[in-house]
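A.B. asks: Structure in structure tokens, see below.
The values are calculated or read from the model by the stated rules, or taken from the named source; none is laboratory data. Predicted, not measured: the structure shown is a model, and the values here were computed from it. Positions of Cβ are generated from backbone atoms using ideal geometry, with glycine treated the same way; all protein chains shown enter the neighbour counts.
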Amino acid sequence: MLEIHDLKAAYGQVQVLHGISLNVPQGQVVTLIGSNGAGKTTTMRAVSGMLRPSGGRIVLRGRDITGLPAHRIAKIGLAHSPEGRRVFPTQSVRDNLMLGAFTRLTLGGKRPRGDLQGDLGRALDLFPRLRERQNQLAGTLSGGEQQMLAMARALMLNPEVLLLDEPSMGLAPILVEEVFHIIGRLKAQGITMLLVEQFAAAALGVADYGYVLENGRIAVHGPAAQLRSDPKVQAAYLGGAASH
Amino acid sequence: MDILMQLLMSGIALGMIYAVIAFGYQSTFATSGTLNFGQGEALMLGAMVGLSLNGDVLGGPYMNYWLMIPLVLLFGALQGMLVEFVGVRPAIKSKSEFGWIMSTIALGIIFRNVAENIWGRDDLPFPSPLPTAPIHILGANVLPMELMVVVGALLMMLLVEVFNRRSIYGKAVVATASDRDAAGLMGINTSLVIMFSYALSSMSAAFAGVLIAPITLTGASMGAVLGLKAFAVAIIGGLTSGLGVIVGGVLLGIAETTTGFYLSTGYKDVPGLVLLLLVLAIKPSGLFGKTTIKKV
């Protein structure tokens, strides 16, 4: 579904990704874990077109999307819930969700409209808090609610692949649990996901496959269960994650 | 009392023109963080094209005032797109922080020169589409055209506001204004949105041009001072507030007419600029501008 080959990316002169390859098969949840500054968010940004890669190749649904602008990648069916939520603060929760479905609503949108109202209903069922706050401005939501909105907004694209970047960042422990519970439900629905997380243990708990990123390179990868029991991964990430 | 009323009414009409141009500044600033410093020239071109269609300068008149307006709006939109494509897009792409300032000023000067060559340097009269006999409102004499300026200006801003709030395309414009990268992730072509905002900006200026032309003189140099004062209005009202430009515009308009009468017409530009300096010193985001607070 999503294949990344030898991806390189840089911010100005500083190279962040030194050629990483990973594969997200259809219907699976793949997680990318690693310490701060390893290049997790950069990988996500390069895949969704927020950042132009300096090398390598990204293939989505058999189409080469390397270097395409973000809006064209979205039209091919990739949704990205970015780091820091990035909801539209001056617009209502409902408008934010409708903007998530922009590619399905407009003439040049290229995504089938499908059952828009049904999807809106399902997104609000998944995040009941948003249903109560539909008419509230997104900027007035709490951090946790904004995270829910960012995820719901990404789902409104009806994506082929969903990128979730740090969905638990800055949330209270009880909300972190809720977010992972929701990711589990999305997985059960068969949604293909690439998940970046600080909470490596929880991410490996929900994922099928995992990649460990160190200084812009893939250090280890394997089925999630195998990584969970890998002593080196445990020492570096799983123990460390619990102390945060 | 009647005189004061008269000055207020004239000030409001003038102020609404400033507001429409300032509204154009806001439109591009919101989506791209850039401004078209050739707004005054966009106004002038709108008025000149309107005069050519509606007056007898280039073999016309070809049509009446009301039919001319949609054509002038279309012309304004295209002119704005040209400015964006030639002057602003390259600067945004190369991440040049100030390149657009020079390029939009340069394009403005080019437009003025072209206009001088087509229409000459002299001011021309613009035929009034409405009766020129003043009507009496609250003891003041108001030209029907001045009323039309106020109504037209408010109507235009209202329509844009409705578009932004109700249609998905308008919502995309607002989304681009608040977070361009995130808007791109939604599948919104943000470069197109920026071009659209330039089209809207020049379109409002061109509209202001044909609104004001019948009550002033029309000529290649008519836009320069208006564009500058409208910029002051955008700063006074706040570059992010729709209500701000209306209040700022009317404040400046009234300040000018009253100073012109009670002090001297020679000083009529001073109070507005003093107001501008005061706002910049005391509340730099403008009277109605919001200091953005980001939630992390």
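A.B. asks: Please enumerate the residues belonging to segment A:137-179 that are in contact with a helix residue (DSSP H, G or I) (Cβ under 7 Å, 6 or more places away or on another chain) and among the charged types (D, E, K, R).
C.D. replies: Hits for segment A:137-179 are A:Glu145, A:Arg153, A:Asp165.
A.B. asks: Looking at segment B:50-68 only, could you name the residues that are over 16 Å from B:Ser128 (Cβ atoms), among the hydroxyl-bearing types (Ser, Thr, Tyr) and either in contact with a Ser or Thr (Cβ under 7 Å, 6 or more places away or on another chain) or outside any loop (DSSP other than H, G, I, E, B) (or both)?
C.D. replies: The answer is B:Ser52, and nothing else.
A.B. asks: So which of B:Leu273, B:Leu243, B:Leu278 ends up being without any contact (Cβ under 8 Å) to a residue 24 or more places away in the chain and not aromatic (Phe, Trp, Tyr)?
C.D. replies: B:Leu278
A.B. asks: If we only count helices (runs of 4 or more DSSP H) wholly inside segment A:128-220, which ones have 2 or more residues that are farther than 30 Å from B:Arg165 by Cα and modelled with pLDDT of 90 or more?
C.D. replies: Filter on segment A:128-220 gives A:173-188, A:200-206.
A.B. asks: Please determine whether any residue of segment A:98-120 is outside any helix (DSSP H, G or I), touching a helix residue (DSSP H, G or I) at 6+ places or on another chain (Cβ under 9 Å), among the acidic types (Asp, Glu) and crowded, with 17+ Cβ neighbours inside 10 Å.
C.D. replies: No.
A.B. asks: Has segment A:123-137 got any residue that is within 13 Å of another protein chain (Cβ to nearest Cβ) and touching a strand residue (DSSP E or B) at 6+ places or on another chain (Cβ under 8 Å)?
C.D. replies: Yes: one or more hits.
A.B. asks: Could you give every pair whose Cβ atoms fall below 7 Å, whose first residue belongs to segment A:146-160 and is farther than 17 Å from A:Arg129 by Cβ and more than 9 Å from every other protein chain (Cβ to nearest Cβ), and whose second residue is small (Gly, Ala, Ser) and outside any loop (DSSP other than H, G, I, E, B), counting only separations of at least 6 or pairs across chains?
C.D. replies: A:Pro159/A:Ala79
A.B. asks: Additional query: Looking at A:Leu22, A:Leu32, A:Leu51, A:Leu17, which is the one that is in the same structural domain as A:Asp165 (by TED's automatic domain parsing), buried (at least 16 other Cβ atoms within 10 Å of the Cβ) and not in a strand (DSSP E or B)?
C.D. replies: Selected residue: A:Leu51, the only one of A:Leu22, A:Leu32, A:Leu51, A:Leu17 that is in the same structural domain as A:Asp165 (by TED's automatic domain parsing), buried (at least 16 other Cβ atoms within 10 Å of the Cβ) and not in a strand (DSSP E or B).
A.B. asks: For A:Ile76, work out the one condition from (1) among the β-branched types (Val, Ile, Thr); (2) under 17 Å from the mean Cα position of the chain (by Cα); (3) at the interface with chain B (Cβ under 9 Å from one of its Cβ atoms) it doesn't fulfil.
C.D. replies: Status for A:Ile76: all satisfied but (3).
A.B. asks: Right, next: Tell me which residues, restricted to segment A:130-155, are out of contact with any Lys or Arg (no Cβ under 8 Å at 6 or more places or on another chain) and either outside the structural domain of A:Arg113 (by TED's automatic domain parsing) or surrounded by fewer than 17 Cβ atoms within 10 Å (Cβ to Cβ) (or both).
C.D. replies: A:Arg131, A:Glu132, A:Gln136, A:Leu137, A:Thr140, A:Ser142, listed by residue number.
A.B. asks: I need the helices (runs of 4 or more DSSP H) fully contained in segment B:102-202, keeping only those with at least 3 residues that are within 14 Å of chain A (Cβ to nearest Cβ), at pLDDT below 95 and under 30 Å from B:Ile215 (Cβ atoms).
C.D. replies: Here the list reads B:144-166.
A.B. asks: Next question. Go through segment A:36-73 and give me each residue that's of a type in the set (D, E, K, R), within 16 Å of the chain's Cα centre (by Cα) and more than 14 Å from chain B (Cβ to nearest Cβ).
C.D. replies: Within segment A:36-73, A:Lys40 is the sole residue that qualifies.
A.B. asks: What number of residues in segment B:158-173 are surrounded by 19 or more Cβ atoms within 10 Å (Cβ to Cβ) and in contact (Cβ under 8 Å) with a residue 12 or more places away in the chain?
C.D. replies: Adding up the residues that qualify gives 2.
A.B. asks: Quick check on segment A:79-95: of everything there that is more than 8 Å from chain B (Cβ to nearest Cβ) and not aliphatic (A, V, I, L, M), which residue is surrounded by the most Cβ atoms within 10 Å (Cβ to Cβ)?
C.D. replies: Looking at the filtered set, the residue picked out is A:Ser81.
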